[in-house]
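> Let me begin by handing over the structure; questions about it come next.
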Amino acid sequence: MRSVILMEPETPENTGFIARLCHNFEFDLRVVNPEFNLRDSRSTANNAQQVLRDARIFDSLDEAIEDLDFVVGTKPGKGVECREFEFRENTSIVFGRESSDLTKKELEKCDATVNIQTSNYDSLNLSH
């Protein structure tokens with residue numbers, strides 16, 4: 001099982017777009033403390049409605065990752081190199097909050113961190 005974990009998403013539209021990504025690449029969706037009902041994400045999920053219906057909601061990152069073998073945290077930043085890795089079974093990638101990313105403590109719970117290089121901004125739209 002390969003998963004995308006969203007940490008406390010704030011915008012339903014972005015979550016719908018992420019559901020489409022999960023559908024296209026055969027990832028399941030896990031969501032930690034969303035600030036909205038996942039049904040609100042349906043308008044942008046298009047053909048990924050089943051991904052939203054099957055999404056698992058957790059109260060904490062610890063719960064969301066407890067059955068996973070390899071967890072990758074993400075962090076945007078300028079001038080930081082990305083390390084290549086291969087998604088294998090039972091791997092998850094964790095995306096932080098739209099307004100504040102993952103905390104240092106949350107990143108420490110991950111087995112690896114990927115810094116996503118940006119040139120003009122220190123953040124990315126979650127759905128991109």
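> When you take every Cα atom in region 1-65, what is the radius of gyration, and what is Dmax, the widest Cα pair distance, in Å?
10.4, 30
> As I understand it, the value is the acute angle between the Cα axis of helix 12-25 and the longest principal axis of the Cα atoms of the chain; what does it come to in degrees, rounded to 10?
Between helix and principal axis, roughly 80 degrees.
> Stokes-Einstein D for the chain at 20 °C, 1.002 mPa s, Kirkwood Rh over Cα pairs, in µm²/s?
On the way: Rh = 14.6 Å.
The Stokes-Einstein estimate is 146 µm²/s.
> Further question: About the Cα centre, and with charges only on the beta carbon of Lys, Arg (+1) and Asp, Glu (-1), how big is the dipole of region 19-59? Nearest 20 debye, please.
On the way: 6 positive and 6 negative charges, 27 e Å.
Charge dipole of region 19-59: 140 debye, to the nearest 20.
> If I take every Cα pair under 8 Å that is 6 or more residues apart in the chain, average their sequence separation and divide by the length, what percent do I get for the relative contact order? Before the final figure, lay out each step's value.
Details: 268 pairs, mean separation 38.3, N = 128.
Value for the chain: 30 percent.
> Here's a follow-up. Rolling a 1.4 angstrom probe over the protein heavy atoms, how many square angstrom per residue are accessible across the chain?
Value returned for the chain: 58 Å² of accessible area per residue.
> With all protein chains present, how much of the accessible area of the chain (probe radius 1.4 Å) comes from carbon and sulfur, to the nearest whole percent?
On the way: 3230 of 7400 Å².
The computed percentage sits at 44.
> For the ranges 109-119, 55-65, 13-23, what's the packing order if you count other beta-carbon atoms within 10 Å of each residue, average per peptide, and put the highest first?
Values: 109-119: 14.6, 55-65: 16.3, 13-23: 21.2.
My ranking of the peptides, most packed first, is 13-23, 55-65, 109-119.
> Another question, if that's okay. Treating region 27-73 as a set of equal point scatterers at the Cα positions, no solvent, please give the Debye-formula log₁₀ I(q)/I(0) at q = 0.17, 0.26, 0.28 Å⁻¹.
Log10 of I(q)/I(0), two decimals: -0.55, -1.02, -1.09.
> Could I ask something else about it? Give, rounded to the nearest 20 debye, the magnitude of the charge dipole that the chain has about its Cα centre when Lys and Arg contribute +1 at Cβ and Asp and Glu contribute -1 at Cβ. Provide the component values of the computation, followed by the final result.
Details: 15 positive and 24 negative charges, 68 e Å.
Roughly 320 debye, rounded to the nearest 20.
The values are calculated or read from the model by the stated rules, or taken from the named source; none is laboratory data. In this text the structure is predicted, and so the values were computed from the model without any measurement. Glycine gets a Cβ as well: all are built from the backbone with ideal geometry, and neighbour counts include every protein chain shown. Quick note on the areas: whole protein, heavy atoms, side chains included, nothing else; ligands and nucleic acids left out. Shrake-Rupley method; radii C 1.70, N 1.55, O 1.52, S 1.80 Å.
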